[in-house]
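Bear in mind that the values in this text are calculations on the coordinates, not laboratory data. As the structure is a prediction and not an experimental result, all values here were calculated from the model. Because the Cβ atoms are built from the backbone with ideal geometry, glycine has one as well, and the counts that use them run over all protein chains shown.
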Amino acid sequence: MSTPRPVHPDFLALLRHKDAALMELFLDARQFLFDIHPGANELLYHTHALTAVFSVSERLGDAYCMLPVYTHHLNLGFNKGTLLQDPHKLLTGTGNLIRHIDVAVPADYRNANVKDLAQSAVRFALSDMDKPGKAVGQTISKITKKK
């Protein structure tokens, strides 16, 4: 397990409004992804969901996974899930690219099949990126603060 990366204050301020169990589930899933790819850049958004996006660069287009936190649940999303091999049929969804795994308990993602899928997503993102990014292992908040 890699050393936990601090949660950005902008994100943490919003995450603290979620149920404690959901917050803990998010933190564990986030660490699971950092353990797979410690050099991931984390892009933070607050739109219809509070979302941490994991990317091989500082660009959203180079993202491979995401953790959207909704009111009562979260998903482990794969940004280009339709392009990944999914031999265990883990991914659900109907979007053109994005697929996800419903997450209710750590066992939903803390298993060898999901780890293999996430590693595959990282490899795909690295091979699919147009140009190398400048940032490595950074957390970048795209959350706008209300005035």
**Request:** Name, by its number, the condition in (1) acidic (Asp, Glu); (2) in contact with a helix residue (DSSP H, G or I) (Cβ under 8 Å, 6 or more places away or on another chain); (3) under 20 Å from Phe34 (Cβ atoms) that does not hold for Asp86.
**Result:** (3)
**Message:** For the condition over 27 Å from Arg16 (Cα atoms) and in contact with a Phe, Trp or Tyr (Cβ under 8 Å, 6 or more places away or on another chain), what is the one hit in Leu50, Leu76, Leu90, Leu83?
**Reply:** Leu83
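Answer yes or no as to whether Thr51 is under 23 Å from Thr144 (Cα atoms), of a type in the set (Val, Ile, Thr) and in contact with a Pro (Cβ under 6 Å, 6 or more places away or on another chain).
Judged against the criteria, Thr51 is a match.
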**Asked** Which residue pairs have Cβ atoms closer than 7 Å, lie 6 or more positions apart in sequence or on different chains, and pair a first residue in the range 22-33 that is on the phi < 0 side of the Ramachandran plot with a second residue that is crowded, with 19+ Cβ neighbours inside 10 Å and small (Gly, Ala, Ser)?
**Response** Arg30/Ala52; Leu33/Ala40; Leu33/Ala118
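Yes/no matrix, rows are residues, columns are (1) hydrophobic (A, V, I, L, M, F, W, C); (2) in contact with a Ser or Thr (Cβ under 9 Å, 6 or more places away or on another chain); (3) surrounded by fewer than 16 Cβ atoms within 10 Å (Cβ to Cβ); (4) within 17 Å of Ile98 (Cα to Cα):
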{"site": "Leu14", "(1), (2), (3), (4)": "yes, no, yes, no"}
{"site": "Lys18", "(1), (2), (3), (4)": "no, yes, no, no"}
{"site": "Gly39", "(1), (2), (3), (4)": "no, no, yes, no"}
{"site": "Ala52", "(1), (2), (3), (4)": "yes, yes, no, yes"}
{"site": "Ser57", "(1), (2), (3), (4)": "no, no, no, no"}
**Prompt:** For His72, which of the numbered conditions (1) within 19 Å of Asp28 (Cβ to Cβ); (2) touching a helix residue (DSSP H, G or I) at 6+ places or on another chain (Cβ under 6 Å) fails to hold?
**Reply:** (2)
**Request:** Would you mind stating whether Leu25 is of a type outside the set (Phe, Trp, Tyr), assigned to a helix (DSSP H, G or I) and within 14 Å of Gln119 (Cα to Cα)?
**Result:** no
